[in-house]
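J.: Dropping a structure here in structure tokens format, bear with me for questions.
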Number of protein chains: 2
Amino acid sequence: MNRKQLFEQIRKKGTVLCVGLDTDFDKMPEHIRAQALKGEVAAMGQLFKGRARSIIEFNKAIIDATAPYCVAYKPNLAFYECYGVDGMRALEVTVDYIRTSYPDIFIIADAKRGDIGNTARMYAKAYFETMDFDAVTLAPYMGQDSITPFLEYKDKWAIVLALTSNASATEFQLAQKDGRPLYQAVMEDMMSISTPDNMMFVVGATKADKLAEIRTFCPDNFLLVPGVGAQGGSEEEVIANGANDHAGLLINSSRAILYADSSGNFAAAAGKAAAATANYAG
Amino acid sequence: MNRKQLFEQIRKKGTVLCVGLDTDFDKMPEHIRAQALKGEVAAMGQLFKGRARSIIEFNKAIIDATAPYCVAYKPNLAFYECYGVDGMRALEVTVDYIRTSYPDIFIIADAKRGDIGNTARMYAKAYFETMDFDAVTLAPYMGQDSITPFLEYKDKWAIVLALTSNASATEFQLAQKDGRPLYQAVMEDMMSISTPDNMMFVVGATKADKLAEIRTFCPDNFLLVPGVGAQGGSEEEVIANGANDHAGLLINSSRAILYADSSGNFAAAAGKAAAATANYAG
């Protein structure tokens, strides 16, 4: 998906919400977890049982309830890898389900990968060829080598970690590089090898005061902003400080939407939470 | 596996070699690639066909030929993820095969993961519970949150990127933090939350001149050293500058061993290359 299509979807739906599909079996409603004890069911032409069955049922219900109110989904790979091969099958089916049911929606692999060029090419193949993601999150520690292979795909995106939302984010991200904090050096370095059509950056909502400053040297790129909801960032501040003339923001919420309710009503509650999050008047 | 057991294996075998299982279908010998076109075969109680079949056959042959001459294997996850679910099945079978056939050998998931604490716990579960790795490589950009969940497992290891072997490594790894280069700040920070019994660092062989300096502030931890062989680092310099009284080194070689020969003789050639690499007299 290209930048124009993403912006059109944002205007049409009036939101910059990205729903993080950090699907945790232990946090699902009891009746969905109970499906793991039942037999096989078919989904997208394959048979599933056990935890994979519960994860797929949960994700499909969440996606159907939230699709009108979001412009992107972001499965975090850790939540699928932790169940091994079954988890990876559930991830592939989830991506296929979004792609076939809601083809306008942007899909991000929250993978935070970063490796030497030879290896980065294999990760790019994993997310952009074997699986049909639009974008993948990447860690910048190893430099440009680890990012460039992802920029060679048309209408696909690299989303590089800049200033993250977690408590220990500033330990290394505020180191100094040529008179700038490291996160700024990372962004300026990455902007020099990319365009706003194939590069986004992760800036945590818990660092909302930094967004206005970031917009002085990075006016055009989309910023993926986690940390609203469970992590406590303010979406009003994020939009006030971070929006640009192409919206320029994807605000992610995961736990506050996925686990809004633990009863049989969980999907409707997730839809309601999504409808109330990250509204954007444009 | 604990540090004592790893050191004992090094003394017994007289090597600090780690074989990187960066198994690339396109680089395998033709007769192994051709197996992808044949029917299913059983391995470790499962049925495999297609590329997964070739990858498993190749890895088993490489492992059987090199096991006497190495103390560790390090599959890089990108080379398995790029084939989706089939690739992940091949990875799981490879790990099981090493564990059951050569139980003394240390197994590293070269994953370079790094995410917020909540998510890092899921990655730890993936590599230390769902799969039976001894260690996982991690990226430090997000700080301590992203590392601590891996330190909670007995006799398991976090291996944190410090100074890597690739061309663009120094773009950010030499940023300044409190009067030290960033890679040193990363190492000292990580040493403050861990012990030499559960923490190693990645230092590239292409930075061998830095190893002696690194040993002044990090005398005890094992260092995982990639970059000999295809990347051009010198193993003699690495051992001279980096060894300590518990060996303290794992020297990784991947392509120079895996693809030493592209004929029917590839496994014997890999064994010969392994026998000649990273010898350590103690």
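Please treat every number below as a calculation from the coordinates, not as lab data. Note that the coordinates shown come from a computational prediction; the quantities given were computed from them, not determined experimentally. Because the Cβ atoms are built from the backbone with ideal geometry, glycine has one as well, and the counts that use them run over all protein chains shown.
J.: Restricting to bridges with both residues inside chain B, how much of the DSSP beta-bridge set is antiparallel, in percent to the nearest 5?
T.: Within chain B, antiparallel bridges account for around 20 percent of the total.
J.: Quick one: among B:Gly227, B:Gly264, B:Gly14, which has the greatest mean-square fluctuation in a GNM of chain B with alpha-carbon springs under 10 angstrom?
T.: Greatest mean-square fluctuation among the candidates belongs to B:Gly264.
J.: Let me ask you something else. What are the nm distances, shortest first, from B:Gly14 to its equivalents in the other copies, labels at 7 Å along Cα→Cβ?
T.: When each copy's label point is compared with this one, the spacings are 7.7 nm.
J.: Let me ask something additional. How high is the relative contact order of chain A, in percent, counting Cα pairs under 8 Å that sit 6 or more residues apart?
T.: After rounding, I find 22 percent.
J.: If you count, for every residue in A:104-117, the Cβ atoms of partner chains within 10 Å of its Cβ, what is the mean?
T.: Mean partner-chain Cβ count within 10 Å for A:104-117: 4.
J.: Just want to confirm a number: the relative contact order over segment A:1-122, from Cα pairs under 8 angstrom separated by 6+ residues, in percent.
T.: The normalised contact order for segment A:1-122 reaches 29 percent.
J.: On to the next question. Filter the cross-link list B:Lys156/B:Lys210; A:Lys154/B:Lys112; B:Lys4/B:Lys156; B:Lys4/B:Lys125; A:Lys156/B:Lys74 down to pairs whose alpha-carbon distance in this structure exceeds 18 Å.
T.: B:Lys156/B:Lys210; A:Lys154/B:Lys112; B:Lys4/B:Lys125; A:Lys156/B:Lys74
J.: GNM on chain A, C-alpha springs below 10 Å: top fluctuator among A:Thr216, A:Thr94, A:Thr195?
T.: Result for chain A, Cα springs under 10 Å: A:Thr216 fluctuates most.
J.: If you don't mind, another one. Hey, in the GNM for chain A with a 10 angstrom Cα cutoff, which one of A:Ile116, A:Ile147, A:Ile107 fluctuates hardest?
T.: A:Ile116
J.: Have a look at the DSSP beta bridges in the protein assembly as shown and tell me what percent are antiparallel, nearest 5.
T.: 20
J.: Please compute the average number of Cβ atoms from other chains found within 10 Å of each residue's Cβ in peptide A:133-144.
T.: If you average over the peptide's residues, the count of other-chain Cβ atoms is 5.
J.: Tell me the distances, shortest first, between A:Ser262 and the same position across the other copies, using label points 7 Å along Cα→Cβ, in nm to one decimal.
T.: Once sorted, the set of distances for A:Ser262 reads 5.8 nm.
J.: While we're here: List the distances, in nm and shortest first, from the label point of B:Gly179 to the matching label points in every other copy, placing each point 7 Å from Cα along the Cα-to-Cβ direction.
T.: 2.3
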